[in-house]
Amino acid sequence: MTLGTLAFLAMGWNETDERKKTYYIVTTFIPAIAAVSYFSMATGFGVIDIPNHDYPVYWARYADWLFTTPLLLLDLALLAGASRNTIGTLVGLDIAMIVTGLGGALATEGAALRIAWWGISCGFFLVLLYFLVGRLTARAQEQPGEVGSLFGTLRNLTMVLWFAYPVVWLVGTEGLAIVGIVPETAIFMVLDLSAKVGFGFLLLRSHAVLDSVETDTGAAESPEAA
Ligand SMILES: *C/C=C(C)/C=C/C=C(C)/C=C/C1=C(C)CCCC1(C)C
């Protein structure tokens, strides 16, 4: 994650175009936050023992995801030229998904209740995907040049990888504990690296495509821009 952060910093260092800078700033913070979160988990601060739990809870994961998943969605939304309302909706659903997921991880009243929290979180996740596939994709397809296809690639990568998180959670130590803590941690690490550093590389290496993005972010409140 640290190497990814440094690579993105280097890639964006000499960028002068204000709009493109936004992508570099957003995308660089994603692995930077994850690096801090992993540091806290590696040193024990990001892990707590909870009464009635067989396994420690890695709460720092959720702190990481609370900030990094909205930033990933922001990258996608900016690429699609989404309105502020759409961005707000996506981020709201995403935060609700992570917070209810944390509720499940911390719940002490037994597996059934943990899985109920998981179900609530999945509900937010599915609505989020609905916006990603519907509203955002339609908007991205109106974009000139190759923006639509870059968006499609990143959206598909995001959907495939993000889908794995609730599955790993459910079979892992937070849920049914079919998979032990070591493989679970390893799978989350690969997912995190792909969804953050892999995603970032795909986005930022398409430097030329970012030139043609048309934004709609001000449309909700600034008709004078027209
Ligand atoms: C870089 C980190 C990423 C992309 C994390 C994504 C996390 C999710 C999509 C988590 C989803 C979850 C549910 C849908 C159900 C409850 C458990 C969660 C929080 C793992």
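The values are calculated or read from the model by the stated rules, or taken from the named source; none is laboratory data. All figures in this text were calculated on a predicted structure; none of them were measured in a lab. Cβ: placed from backbone, ideal geometry, glycine included. Neighbour counts: every protein chain shown. The area values use the complete protein model at the heavy-atom level, side chains included, leaving out ligands, DNA and RNA. Shrake-Rupley method; radii C 1.70, N 1.55, O 1.52, S 1.80 Å.
A simple rule links phi to the HN-Hα coupling: the Karplus curve 6.51 cos²θ - 1.76 cosθ + 1.60 with θ = phi - 60°, which for the range 190-199 gives 5, 4, 4, 4, 5, 6, 10, 6, x, 4 Hz, with x for Gly and Pro.
Taking all protein chains as shown and a probe of 1.4 angstrom, I25 keeps an accessible surface of around 100 Å².
Taking R0 as 25 Å, what FRET efficiency do you get between Q141 and K21 from their Cβ-Cβ distance, rounded to the nearest 0.05?
Working: r = 25 Å, r/R0 = 1.02.
After rounding, the FRET efficiency stands at 0.50.
Only Cα pairs under 8 Å and 6+ residues apart enter the sum, and on that basis the relative contact order of the chain stands at 23 percent. Residues in the range 88-107, backbone N under 20 Å from the label point at Y130 (7 Å along the Cα-to-beta-carbon vector): list them, ranges by number please. Flagged as within label range: 88-101.
Considering only protein heavy atoms and a probe of 1.4 Å, how much of the accessible area of the chain is carbon and sulfur, as a whole percent?
Numbers: 7410 of 10770 Å².
Of all accessible area on the chain, carbon and sulfur atoms account for 69 percent.
Take the Cα of I178, step 7 Å toward its Cβ, do the same at T215, and the gap between the two points is 4.5 nm.
Computed from backbone phi, the HN-Hα couplings of the range 28-43 come to 6, 5, 4, x, 5, 5, 5, 4, 5, 4, 5, 4, 5, 6, 5, 9 Hz, rounded to whole numbers (Karplus: 6.51 cos²θ - 1.76 cosθ + 1.60, θ = phi - 60°; Gly and Pro given as x).
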